[in-house]
1. Kindly write out, for the stretch B:110-124 in residue order, the coupling ³J(HN,Hα) from the Karplus curve 6.51 cos²θ - 1.76 cosθ + 1.60 (θ = phi - 60°), rounded to whole Hz, with x marking Gly and Pro.
2. Starting from the 7 Å offset along Cα-to-Cβ, what nm value, one decimal, do you get for the label separation of B:Lys322 and B:Gln128?
3. How large is ³J(HN,Hα) for each residue in the stretch B:311-322, as worked out from phi by the Karplus curve 6.51 cos²θ - 1.76 cosθ + 1.60 (θ = phi - 60°), to whole Hz, x for Gly and Pro?
4. Roughly how far apart, in whole Å, are the Cα centres of the stretch A:288-342 and the stretch B:39-64?
5. So what's the net charge close to A:Ser238: Lys and Arg +1, Asp and Glu -1, counting the other residues with Cβ under 12 Å from its Cβ?
6. Ordering B:Tyr79, B:Tyr178, B:Tyr268 by how much accessible area each has at a 1.4 Å probe, largest first, what is the list?
7. Between copies, how far does the label point of B:Ser281 sit from its twins, in nm, shortest first, when each point is 7 Å from Cα along Cα→Cβ?
8. Relative to the Cα centre, what is the charge dipole magnitude of chain A, using +1 at the beta carbon of each Lys and Arg, -1 at the beta carbon of each Asp and Glu, and rounding to the nearest 20 debye?
There are 2 protein chains.
Amino acid sequence: MKFEIKQETLIEHLNYVIKGISNKNIIPVLNCIKFELETDGLYLMSTDNEIAIKTFIPASDIEHIDKTGDIVVSGRFIYDIIKKLPNTIVSIEEVVDQKILITTTNSSFHLNCNRADEFPTLDLNENQKPVVISKKVFKNIIRQTAFATSSQESRPILTGINMKITNNILECTATDSYRLASKRVELESPLEEEINITIPTRNLNELMKLINEEEGEIELHIFNNKVIFKFESIVMMSRLLNGTYPDTSKLIPETYELTIQVKLNDLYAAIDRASLLTNESDKNTIKLESNGNIITISSNIPEIGNVEETIEVEKDNDHEIKIAFSSKYMIDALKSLESEEIVLLLNGEIKPIIIKNPESDDLTQLILPIRTY
Amino acid sequence: MKFEIKQETLIEHLNYVIKGISNKNIIPVLNCIKFELETDGLYLMSTDNEIAIKTFIPASDIEHIDKTGDIVVSGRFIYDIIKKLPNTIVSIEEVVDQKILITTTNSSFHLNCNRADEFPTLDLNENQKPVVISKKVFKNIIRQTAFATSSQESRPILTGINMKITNNILECTATDSYRLASKRVELESPLEEEINITIPTRNLNELMKLINEEEGEIELHIFNNKVIFKFESIVMMSRLLNGTYPDTSKLIPETYELTIQVKLNDLYAAIDRASLLTNESDKNTIKLESNGNIITISSNIPEIGNVEETIEVEKDNDHEIKIAFSSKYMIDALKSLESEEIVLLLNGEIKPIIIKNPESDDLTQLILPIRTY
């Protein structure tokens, strides 16, 4: 293998594949990046067995291809070296077996390589009909649901985001069984078959870091045990979580005793302040109490002090409510909403709290109350 | 105590005194901020027994002073609360003994307080003749020397920066016994008495965070066992380190076998890259070898690879040098220099390396070589 390439071109693509390796992997080859130089261009690949990332630099973006070939080299070292080189032409060449030479005018690095045949074979071929969705919409889905995912490995299926497609409706759900986030998006073209997969949230968060531009679309190629994301020059593969995602459709009530409409910023600021006087050991509990068109948010840590915040709201009827919940969960839910006004949909102090944009059913946030009253 | 103040005024000053408390202190009152409301304004104070910080808000910057008095309140809580309040008028009032009420239109916080008489008495009075120095120059002194301080508590005196004043020359020195940074500054007016003090570097780093603007001057009021810094509305006190600072004046040679002049950026970039193939366990050793008007910087980690960097330089004679040193120490030293060109002053492979601006003797960086050749 021997080629010459602009430093800025190579580092842009190394920036993608470096995200596919974890430095903690005890299998050395999984800390490596594979360079596959073909006549049509350079393929870079990495995998930690959870995800795999592949990117392609076409021959037209490479200064000179002298000799095709494969090498497998420590990801962290090649990344740091190329990153610190000046933005000039970099020459990379296999000099003897399993040793490469990286040179610019004044720098020359020899790096030991791993054997190319030790690198896992990655099947990143596409299937026939991908789900196509705007990158901007897809990023928003993840932003608005991922936080509600469980971080507990005791129920592995809850560590992912469930994606269900029926006809042209994509419904994404995340829950840690104390709260739930659900987002519904209309696809431009319907799928023939129904889809019901759960993707590890950790992998989706890695994917988010790879999507720089919001313009354009992302393709989801869905298989039995994996999903392949394709966008720009990047292909990323994630395994799917095994098991059946719990049926959450019945958790969201169809009617509510009381609807409270409030300015998102007012509620956010009040809960943010009230959260200062909560304890994680006490589930960050804060209380909400309505009285006419005023709600009071309160919390306390006995040895420190207490806080009361009042907010003007609109209610749809004369019912009053006293309810307690985690300020942390409420703040996460409010952060996901983008409307100026939001509604709290309530059925009494021991029933779930639903938080929504009053003018849209696309995004539903649910929080279970904490029984204190 | 009762007063009203703009949120932005109070948080600006809390931002200063919050830096004087450490959350890890087991003495509760040392995690507190003392409010002293007098008719002339509000004094805020904090101390962790290492440093003390005091700031003053004149009555003209306070909306309303209803009743003077003292309170001592948890620094972290009052800081977070005031920070999260909207920028409106905040009322603070002692409601019952050792309890304050903080209110704005929609928020009300009750906070438990500590007893004011438990707060340490701080003597922050000035002495007669301070050392006066431009803030910009003072910040630069610390930036150019602090990194060379020892972090080992085994020789406590080396964890500080030594400041010596003779007539109108201030000389600041830091060393961890493997490297040394020395900065010399001319004062505008000479001092009558000689000064030789060592200030804990940790405290000087805290002081740096308090100096926002570079314009104006800072006063150093020097006592037997403490130094008081005064600038803007802020007074900060630091204890001094006990003991005699080692005499470092003889470490810097008067003549050199060889002077190598090189572009700072060229040398920095080469060493930065070469440092990628060094190990902390091997003291980050890199080698420098001259050959005519070329120097070669090299390093290696046997199991990973090696690197060679070449740089064009100017030498003052035909001597050649082979020398090894810590890339980390060299990078720290180079970061402190601001000139386009620098000189390496050398007396052979086992003698200290001096790094300097060729046109100024104000700043001297010294690094001991590592014996490998």
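The values are calculated or read from the model by the stated rules, or taken from the named source; none is laboratory data. From a predicted model like this one, the values you see are computed outputs, not experimental measurements. Here the Cβ positions follow ideal geometry from the backbone for every residue, glycine too, while neighbour counts run over all protein chains shown. Ligands, DNA and RNA are stripped out before the accessible areas are found, and what is left, the full protein with its side chains, is counted by its heavy atoms. Shrake-Rupley method; radii C 1.70, N 1.55, O 1.52, S 1.80 Å.
1. Values, residue by residue: 9, 10, 6, 10, 8, 6, 4, 6, 7, 6, x, 6, 10, 8, 10 Hz.
2. The two pseudo-label positions are separated by 6.2 nm.
3. For the stretch B:311-322, the Karplus curve yields 9, 7, 9, 10, 10, 8, 7, 8, 3, 10, 9, 10 Hz.
4. Centre-to-centre (Cα) distance: 35 Å.
5. 0
6. Accessible-area ranking of B:Tyr79, B:Tyr178, B:Tyr268, largest first: B:Tyr178, B:Tyr268, B:Tyr79.
7. Label-point distances to the other copies, shortest first: 4.1 nm.
8. Value, rounded to 20: 1060 debye.
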